[in-house]
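The values are calculated or read from the model by the stated rules, or taken from the named source; none is laboratory data. Keep in mind the model is a prediction, meaning the values are calculated, not measured. Neighbour counts run over all protein chains shown; Cβ positions are idealised from the backbone, glycine included.
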Amino acid sequence: MQAYVVGGAVRDELLGLAVQDHDWVVVGATPDDMIAKGFRPVGKDFPVFLHPDTHEEYALARTERKTAPGYHGFVFHTAPDVKLEDDLVRRDLTINAMARAEDGTIVDPYGGLRDLRDRVFRHVSPAFAEDPVRILRVARFAARLPDFTVADTTLALMRQMVDAGEVDALVPERVWQELSRGLMEQKPSRMLAVLRDCGALARILPELDALWGVPQPPLHHPEVDTGVHMMLVIDYAAGQGYELPVRFAALMHDLGKGATPPEHWPKHHGHEGVGPQLITALCKRLRVPAECRDLAVMTAREHGNVSRALELRANTLVTLFERCDAFRKPQRFAQMLLASECDARGRGSEDHDMRSRDYPQAPCLLRALDAARGVNAGEVAARYAENREKIPEAVHAARVSAVKAALREST
């Protein structure tokens with residue numbers, strides 16, 4: 001009975017990255033052997049055990065056979081005579097198909113060390129094509145390790161999988177899981193680029209794929225292409241370390257531009273009205289959490305108004321706050337301002353970088369919101385106890401007056 005650390009822990013250790021979790025493969029053991037040593041069984045599809053002290057996962061070495069479409073269609077086989085190499089060959093990429101023995105020796109039967117050195121994502125075997133989740137994983141790894149490229153043979157295999165309809169078998173929860181994890185990596189645009197290169201983006205996120213080739217006004221968007229702009233925006237959000245709802249809102253903010261008719265190009269009048277509908281449908285399809293959905297819808301609807309904040313009158317600003325439920329949820333409103341700022345900064349070209357441009361709209365709006373929230377709505381309402389239908393109008397007017405005063409003081 002021998003135990004090996006496998007997969008991501010070995011890869012990250014060799015790359016000098018922090019190792020979060022250790023996964024182990026055990027060769028030469030049966031489930032009874034593991035239980036006798038105090039391991040607790042937890043696996044449903046195949047034998048996985050928790051170490052009695054460290055609680056790390058130990059899986060018996062196994063082989064697998066494809067029996068049905070999708071990523072659930074596998075039959076697994078474990079036995080004491082299954083070799084480590086037999087287990088590793090079923091893994092997705094060579095850099096994830098290495099193992100470290102308890103004495104520190106690296107077991108690398110499929111060239112993972114070479115591909116780590118060359119910064120290449122390469123599939124281990126043709127069995128890669130049997131699991132469509134691997135397309136999403138490669139794309140996510142590209143976001144995490146942006147200096148890696150996908151091997152030509154692997155990209156060709158991914159395209160074949162897409163053409164064969166394997167991606168269509170993915171369940172929404174798994175698509176969202178991998179997408180959300182990729183958005184939280186170092187350079188999310190690499191994930192989108194890989195998905196687009198193999199054709200998977202058009203199948204799982206057609207609304208997003210539609211942004212490429214859609215022009216925007218070059219005066220405000222030196223990058224011109226809406227898809228390129230979206231990638232700059234999401235990378236800026238990642239560079240700032242923003243949380244997932246802000247990054248998802250940044251990703252979705254211009255979704256309406258992919259649905260505006262060409263006669264409205266390049267200005268895309270009305271895209272703020274189309275985007276929320278597309279986002280709502282997309283989120284329902286992928287079962288996106290409400291926190292991410294609501295912020296994305298609000299950002300798509302309001303980012304144009306946010307960009308014009310310095311031109312808006314106090315009455316319009318208070319109406320904006322009311323529409324965004326900012327008095328009850330000021331933190332979400334602040335998140336929308338972050339996503340809108342990503343939109344403003346995620347623009348430019350090689351000779352026209354706009355990431356460091358001033359963005360006075362956010363402090364202006366936050367100052368105005370603070371002033372409006374400072375109004376005691378209860379006191380205002382008390383003055384209209386006998387004429388209650390006028391309370392909303394009176395509270396609104398008091399907030400407008402407070403915003404006017406605050407903006408005068410700041411000029």
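Tallying residues that are part of a helix (DSSP H, G or I) and not hydrophobic (A, V, I, L, M, F, W, C) within region 231-257 yields 7.
Does residue 153 satisfy the condition of being crowded, with 17+ Cβ neighbours inside 10 Å and touching a strand residue (DSSP E or B) at 6+ places or on another chain (Cβ under 8 Å)? Answer is no for this residue.
Return the residues of region 113-145 that are in contact (Cβ under 8 Å) with a residue 60 or more places away in the chain and charged (D, E, K, R); say none if nothing qualifies. Hits for region 113-145 are 130, 131. Being among the hydrophobic types (A, V, I, L, M, F, W, C), more than 17 Å from residue 327 (Cα to Cα) and surrounded by 10 or more Cβ atoms within 10 Å (Cβ to Cβ) is the filter here; which residues of region 381-408 pass it? Result: 382, 405, 407. Checked against (1) farther than 16 Å from residue 191 by Cα; (2) in contact with a Gly (Cβ under 6 Å, 6 or more places away or on another chain); (3) crowded, with 22+ Cβ neighbours inside 10 Å, residue 143 meets all criteria but (1). Taken over region 325-383, residues that are of a type in the set (A, V, I, L, M), farther than 26 Å from residue 222 by Cα and not in a helix (DSSP H, G or I) amount to 2. Per the listing 260, 280, the residue uniquely closer than 21 Å to residue 335 by Cβ and of a type in the set (Val, Ile, Thr) is 280. Going through region 12-25 one residue at a time, which ones are more than 20 Å from residue 86 (Cβ to Cβ) and in contact (Cβ under 8 Å) with a residue 60 or more places away in the chain? Those that are more than 20 Å from residue 86 (Cβ to Cβ) and in contact (Cβ under 8 Å) with a residue 60 or more places away in the chain: 13, 14, 15. Candidates 340, 410, 356, 349: the one that is at pLDDT 95 or above and of a type in the set (Gly, Ala, Ser) is 340. Selection of region 260-274 for residues being within 13 Å of residue 214 (Cβ to Cβ) and under 25 Å from the mean Cα position of the chain (by Cα) yields 260, 271, 274.
Could you run through region 306-339 and say how many residues are in contact (Cβ under 8 Å) with a residue 60 or more places away in the chain and among the acidic types (Asp, Glu)? Final tally of qualifying residues: 1.
Exactly one residue among 290, 281, 300 is of a type in the set (Gly, Ala, Ser) and surrounded by 15 or more Cβ atoms within 10 Å (Cβ to Cβ), and that residue is 300.
Filtered by the rule that a residue be surrounded by 19 or more Cβ atoms within 10 Å (Cβ to Cβ) and either modelled with pLDDT under 95 or among the acidic types (Asp, Glu) (or both), region 89-108 gives 90, 91, 92, 108. When we screen 42, 10, 19, 6 for residues that are at pLDDT 85 or above, surrounded by fewer than 16 Cβ atoms within 10 Å (Cβ to Cβ), among the β-branched types (Val, Ile, Thr) and within 27 Å of the chain's Cα centre (by Cα), the only hit is 19. Of the residues making up region 261-281, not one is β-branched (Val, Ile, Thr) and either more than 24 Å from residue 292 (Cβ to Cβ) or out of contact with any helix residue (DSSP H, G or I) (no Cβ under 9 Å at 6 or more places or on another chain) (or both). Tell me which residues, restricted to region 233-255, are free of Cβ contacts under 8 Å to residues at least 60 places away in the same chain, surrounded by 24 or more Cβ atoms within 10 Å (Cβ to Cβ) and over 13 Å from the mean Cα position of the chain (by Cα). Passing the criteria: only 255.
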